[in-house]
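Q: So that we are looking at the same thing, I have put the structure below in structure tokens.
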Amino acid sequence: MKQTRLGPEGPSVSDLCVGTSPLGGMPQVYGYDVAEERAIQTVVRTFESGITFLDTSNNYGAGESERRIGEVIRRAGGLPEGFTIATKADPAPGSKDFTGERVLQSFAESMERLGLDRVPVFHLHDPEHFDFDDLTAPGGAVDAMVELKRRGVVDRIGVAGGDLAVMRRYVDTGVFDILLNHNRFTLLDRSASPLIDHALEAGLVYVNAAPYASGMLAKPAAARPRYQYGEPSDEIVARTERLRALSERHGVPLTAVALQFSTRDPRVSSTLVGVSSPERVDELVANAEVEIPDALWDELSTLLA
């Protein structure tokens, strides 16, 4: 598994990161549930897979994702050597409170569920849902993120969200080490590309989440996959079928092409993919190892132009 570093002083991680929002049991988002034991076995498989980077959040399943991950850590007697867990600060469920005090409380809740006293990576999660001036005010959420890093309980702080314009504003605060953006750098949507360049120029590293566009590039059309957590348009369905036909002509799965579109980009430090079962972990590793002919990438460049 290829390793990368999250900045000059950041942890060394695999270029694949397992996302665990499905493991919290969130049928309202994904259209399916994940039972506790299946989630636990998925984390076990991740620890065995060669992947050394896992991402979760305080609010995935109202904390259930973290609790299940923590159960695996407890059963194993600790994290595997060299393994990095990232989690995220969130408001309390159903609350509009995202103050500095709430960030500190969110961190404490996460550590209790995970059974840890620190994490290498901690993100401010989905700040686009809150007023930028409130979160960046003195003593606010951003200051609390910086304080956790100052205390030494977090090595690198990041901002994680989907809105490109809002993410740029947080990059420009100059306090974050990592930008995590989802669904905006895929075979179907490359709108994050200028933001990636901007973040790297500002000294951040970039983690690309949801290269399958929340299912569109991973599931057959008959399964009625979602696109960016919603219903796909006819145009997106048609573009996906053209991409599928291209992959089939070259004898490789579209899932491998979609994943490696992200992993092969030198600007991307790690590519985050949500998984829902041990088999999905195996598929993720397999798709990263598929040999894709140069001719496909050449044709793809023309198709995406």
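The values are calculated or read from the model by the stated rules, or taken from the named source; none is laboratory data. Nothing here was measured: the structure is a model prediction, and the numbers come from that model. Note: ideal-geometry Cβ built from the backbone for every residue, glycine included; neighbour counts use all protein chains shown.
Q: Answer yes or no as to whether L272 is in contact with a His (Cβ under 9 Å, 6 or more places away or on another chain), within 22 Å of A86 (Cβ to Cβ) and in contact (Cβ under 8 Å) with a residue 24 or more places away in the chain.
A: yes
Q: For the structure I just gave you, tell me whether L303 is within 20 Å of A213 (Cα to Cα), of a type in the set (A, V, I, L, M) and modelled with pLDDT under 95.
A: When the stated conditions are applied, L303 passes them.
Q: Looking at R5, R38, which one is out of contact with any helix residue (DSSP H, G or I) (no Cβ under 9 Å at 6 or more places or on another chain) and not hydrophobic (A, V, I, L, M, F, W, C)?
A: R5
Q: Just a yes or no: is a residue in region 27-42 β-branched (V, I, T), under 25 Å from V159 (Cα atoms) and touching a strand residue (DSSP E or B) at 6+ places or on another chain (Cβ under 8 Å)?
A: Within region 27-42 (the criterion being β-branched (V, I, T), under 25 Å from V159 (Cα atoms) and touching a strand residue (DSSP E or B) at 6+ places or on another chain (Cβ under 8 Å)), the answer is no, since none of the residues qualifies.
Q: Determine whether A137 is more than 30 Å from F185 (Cα to Cα) and either surrounded by 20 or more Cβ atoms within 10 Å (Cβ to Cβ) or under 22 Å from the mean Cα position of the chain (by Cα) (or both).
A: In short, no.
Q: Out of everything in region 54-65 that is of a type outside the set (V, I, T) and under 11 Å from T20 (Cβ atoms), what residue ends up being surrounded by the fewest Cβ atoms within 10 Å (Cβ to Cβ)?
A: Top of the filtered list is E64.
Q: Within region 131-158, which residues are part of a helix (DSSP H, G or I) and not hydrophobic (A, V, I, L, M, F, W, C)?
A: Correct list: D133, D134, D143, E147, K149, R150, R151.
Q: One residue is enough: does region 38-51 have a residue meeting the conditions without any contact (Cβ under 8 Å) to a residue 12 or more places away in the chain, part of a helix (DSSP H, G or I), more than 18 Å from the chain's Cα centre (by Cα) and under 19 Å from A210 (Cα atoms)?
A: Taking every residue of region 38-51 in turn, none turns out to be without any contact (Cβ under 8 Å) to a residue 12 or more places away in the chain, part of a helix (DSSP H, G or I), more than 18 Å from the chain's Cα centre (by Cα) and under 19 Å from A210 (Cα atoms).
Q: Further question: What is the one condition in (1) touching a residue at least 24 places away in the same chain (Cβ under 8 Å); (2) over 27 Å from R74 (Cβ atoms); (3) out of contact with any Pro (no Cβ under 9 Å at 6 or more places or on another chain) that D133 does not satisfy?
A: (1)
Q: While we're here: So in region 159-206, with the set limited to residues that are without any contact (Cβ under 8 Å) to a residue 40 or more places away in the chain and part of a strand (DSSP E or B), which one is farthest from V103 (Cα to Cα)?
A: N181
Q: Taking region 75-114, which residues are assigned to a loop (DSSP other than H, G, I, E, B), at pLDDT 95 or above and not charged (D, E, K, R)?
A: G77, G78, L79, P80, G82, F83, P91, F98, T99
Q: Something else: List, please: which pairs have Cβ atoms under 7 Å, are six or more places apart or on different chains, and start with a residue in region 8-19 that is more than 19 Å from S49 (Cα to Cα) and touching a residue at least 24 places away in the same chain (Cβ under 8 Å) and end with one that is surrounded by 19 or more Cβ atoms within 10 Å (Cβ to Cβ) and among the basic types (K, R)?
A: Taking only residues 6 or more apart or on different chains, the pairs are G10/R156.
Q: Oh, and also: Step by step: first the residues of region 80-110, then only those that are free of Cβ contacts under 8 Å to residues at least 24 places away in the same chain and of a type in the set (A, V, I, L, M), then the one that is surrounded by the fewest Cβ atoms within 10 Å (Cβ to Cβ). Which residue is that?
A: Looking at residues that are free of Cβ contacts under 8 Å to residues at least 24 places away in the same chain and of a type in the set (A, V, I, L, M), I get A108.
Q: Picking from V252, V207, which residue would you name as being out of contact with any strand residue (DSSP E or B) (no Cβ under 9 Å at 6 or more places or on another chain) and modelled with pLDDT of 95 or more?
A: Testing whether each residue is out of contact with any strand residue (DSSP E or B) (no Cβ under 9 Å at 6 or more places or on another chain) and modelled with pLDDT of 95 or more leaves just V252.
Q: Restricting to region 207-236, what's the tally of residues that are surrounded by fewer than 14 Cβ atoms within 10 Å (Cβ to Cβ) and in a helix (DSSP H, G or I)?
A: Total meeting the criteria: 5.
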